[in-house]
């Protein structure tokens, strides 16, 4: 519930800021100045609420030994931060409801499916449109973070681009890699290491 409330605040903040950006093209400067003042004051309050929510979430995690260990294992994977880690814990029900990385990849909308029409027309593999789009976006941001840091993920991404792979397809492959690594680390109860070898069942 705290994560959901945080998401609502993030959305409200974005709506306020986007509205001002759109209106400044045709609204008088003095009026726009006043609107910006109102928006900025509201954003300050929203940011405070977001920070308070995050602190309460951190408190819940830190006061639960098992949950804290799980959180630390998940966020040891490159690109996975506080928000994404918390959403993974909630969406998997602490890996009780979903403990298979392939099923989670489907849930997140990063597992490609063969696209066919009838019995003979075949197209490119696509991801499911019925996925949890908010989790998918978080993994997209995590993949972007991972490829921005020097290391094996960045090298893998660059290699795929050099081979002529579409950028979004390469990013989707990174998202899948992150999911596989998270589930492997949780299964083994180990922090992720660059040389950590895992087996996917």
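What follows is calculated from the coordinates using simple rules that are stated; it is not laboratory data. Everything quoted here is computed from the prediction, not taken from an experiment. Backbone-built Cβ (ideal geometry, glycine too); neighbour counts: all protein chains shown.
Observations on the structure shown:
- Rounded tilt (10° steps) of 167-188 against the dominant C-alpha axis of the chain: 70 degrees
- Part-to-part distance (alpha-carbon centres) for segment 25-96 and segment 142-192, which is given in Å: 23 Å
- Placing dummy labels 7 Å off each Cα toward the beta-carbon, the span from residue 4 to residue 155 is 4.4 nm.
- Maximal additional length on extending the residue 38-residue 17 stretch stands at 6.5 nm, based on 0.36 nm per residue less the C-alpha distance.
- Computed over the alpha carbons of segment 2-63, Rg followed by Dmax gives 15.0, 52 Å.
- When you count the other C-beta atoms within 10 angstrom of each residue and take the mean per peptide, 174-183, 72-81 line up highest first as 174-183, 72-81.
- With Cα atoms, 0 to 90° folded angle of helix 29-62 axis to the chain main axis: 40 degrees
- The structure-derived value of Rg and Dmax of the Cα atoms in Å appears in the list [x] 20.3, 63; [y] 22.7, 69; [z] 42.0, 137 under the label [x].
- Acute angle (nearest 10 degrees) that the helix 152-162 long axis makes with the longest principal axis of the chain, alpha-carbon atoms: 90 degrees
- When the chain is treated as a GNM with alpha-carbon contacts under 10 Å, the residue of 29, 136, 13 showing the greatest mean-square fluctuation is 29.
- Over the chain: helical MRE at 222 nm, DSSP H runs n ≥ 4 each giving -39500 (n - 2.57), nearest 500: -22000 deg cm²/dmol
- Residues residue 145 and residue 51, FRET efficiency given R0 of 25 Å [Cβ-Cβ distance, rounded to 0.05]: 0.75
- Gain upon complete extension [residue 60, residue 168; 0.36 nm per residue less C-alpha separation]: 35.3 nm
- Percent RCO, i.e. relative contact order, over the chain, from Cα pairs under 8 Å lying at least 6 residues apart: 20 percent
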